[in-house]
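See below for the structure under consideration.
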Amino acid sequence: MVKEVFNYFMIASVIIGFIFIITTLQSKRAKDNSIVYLNLVVLFFTLNNLQIVLIDNFFQEANFFIRNMLLPFYALIVPAFYTFISYYLNVERKITSFVAFSTALFLVELINRIVFFKLYYEIDDCYIVAKYSQIEEIFNALFSLFLFVKSIQLLFNKTKLYSYTASYDNVKWLKKFLFLGSLILMTWIGAIVFNIDEVLNPQIFIYYPLRLSSSLLLFWLGYQGVFNYSLMYERIKLREAISNELNNIDEELKTNSKSSKFQIIKNHIENNKNYLNPNYSLELLSSELKISVSSLSKTINDESGFSFSDYINSLRVEKAKHLLVSIDFKEYTILSIGLECGFNSKSTFYLAFKKFTNTTPTDFRKQNS
């Protein structure tokens, strides 16, 4: 019963994998290197699962060589993931690439299969084939572990390398994946150790939870990778457009000491687009204008009728309204617009937008499209 359920899940994972790849290939950014390598991660994993499905369900009578010498697509999963990270973080020129080595390793393992096929194809329970398969898996696991550690070091210890990307994405989703992925990798190594003395009759059941958990995690990675990459791409374009807008700075207003205090504050915030900073605070404004926090707070309250946070959010909402109805960004997600207008989450954006417009960003876009 358990094996049947597992087989159904494996078949479903293969179908989902190919659907994901086909869908992604039809997207506008299908040729971007990040998406290409993310697709390769899913492809190698899907092909590996496909082999398992075929052997377990359609070729159960396959000889010993076929069952022990499946094509080593699994050896390319972590290298493809490591390369995906390097492109996603835009650091591919700053770190060592292992694409050539991984490809060469895969080709060597394919050649070894051809050689072993000619020598041992018709031999049942061939110890040499089984031992080679075991040694190859150990080597591939160690290489995968090496690249996984490199990925962890890049993400946690070399943050300065991807400061540009970090300004658009805090990569928490990638860090979460690495944590969960490390658990799965340890499970894989544990399965190898468990079967170290079972050369001819390895206990396959130990791989069931590994295949199940890795399938779920990798498809989650695929979704998150495409979603966050698309979001980051949109935010980059939005930020470029916002930064290129004319400031329309009234120099006389900026320099005229007779200008009202609130007008000076308003001019400073709006023309420098300080409200686009999600971490902008009254303390920061006080430091910039050399005016006390209490004086700033009282002036903004008295003149605008808003608290500082509400005043800043009102400016963010106005900017968002402009972008939501812009023809140039009609296909951009509401989330990317909200984040680039200074909100730190979708929920805070929706709450503020509703407060100042009595409608949601979604309805506002529909009404003005």
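The values are calculated or read from the model by the stated rules, or taken from the named source; none is laboratory data. Just so it is clear, the model here is predicted, and its values are computed rather than measured. Note that we place each Cβ from the backbone using ideal geometry, even for glycine, and neighbour counts take in every protein chain shown. Ligands, DNA and RNA are stripped out before the accessible areas are found, and what is left, the full protein with its side chains, is counted by its heavy atoms. Shrake-Rupley method; radii C 1.70, N 1.55, O 1.52, S 1.80 Å.
Here are some residues: Leu174, Leu210. Which one is without any contact (Cβ under 8 Å) to a residue 40 or more places away in the chain, assigned to a helix (DSSP H, G or I) and open to solvent by less than 70 Å² (accessible area, probe 1.4 Å)? Walk me through how you get there before you give the answer.
On the way: Leu174 fails: without any contact (Cβ under 8 Å) to a residue 40 or more places away in the chain.
Selected residue: Leu210, the only one of Leu174, Leu210 that is without any contact (Cβ under 8 Å) to a residue 40 or more places away in the chain, assigned to a helix (DSSP H, G or I) and open to solvent by less than 70 Å² (accessible area, probe 1.4 Å).
For Ala141, work out the one condition from (1) in contact (Cβ under 8 Å) with a residue 60 or more places away in the chain; (2) surrounded by 15 or more Cβ atoms within 10 Å (Cβ to Cβ) it doesn't fulfil.
(1)
Please work out if Tyr132 is of a type in the set (Ser, Thr, Tyr), farther than 23 Å from Leu218 by Cα and open to solvent by less than 50 Å² (accessible area, probe 1.4 Å).
Yes: the conditions hold for Tyr132.
Ile312: open to solvent by less than 20 Å² (accessible area, probe 1.4 Å), farther than 14 Å from Leu238 by Cβ and modelled with pLDDT of 95 or more, yes or no? First the steps, then the outcome.
Numbers: open to solvent by less than 20 Å² (accessible area, probe 1.4 Å): yes; farther than 14 Å from Leu238 by Cβ: yes; modelled with pLDDT of 95 or more: yes.
Criteria met by Ile312.
List the pairs whose first member sits in segment 215-242 and is within 17 Å of Asp32 (Cα to Cα), whose second member is buried (at least 18 other Cβ atoms within 10 Å of the Cβ) and of a type in the set (Lys, Arg), and whose Cβ atoms are under 7 Å apart, counting only residues at least 6 apart or on separate chains?
Final answer for the pair search is none.
Which one is most open to solvent (accessible area, probe 1.4 Å) among residues in segment 146-164 that are polar (S, T, N, Q) and modelled with pLDDT under 95?
Looking only at segment 146-164, we keep the residues that are polar (S, T, N, Q), and these are 151, 153, 157, 159, 163.
So of that shortlist, the ones also modelled with pLDDT under 95 come out as 157, 159, 163.
On the way: Asn157: 120, Thr159: 68, Ser163: 74 Å².
Step by step, filter segment 146-164, then rank; the result is Asn157.
Which residues, taken from segment 340-358, are basic (Lys, Arg) and over 24 Å from Ile236 (Cα atoms)? Talk me through it step by step, then tell me what you get.
So the first thing to find is which residues in segment 340-358 are basic (Lys, Arg), and the list is 346, 354-355.
Correct list: Lys354, Lys355.
Working only within segment 345-369, note down all residues that are under 18 Å from Ser326 (Cβ atoms), of a type in the set (Lys, Arg) and open to solvent by 80 Å² or more (accessible area, probe 1.4 Å).
Lys366 - this is the single residue of segment 345-369 that is under 18 Å from Ser326 (Cβ atoms), of a type in the set (Lys, Arg) and open to solvent by 80 Å² or more (accessible area, probe 1.4 Å).
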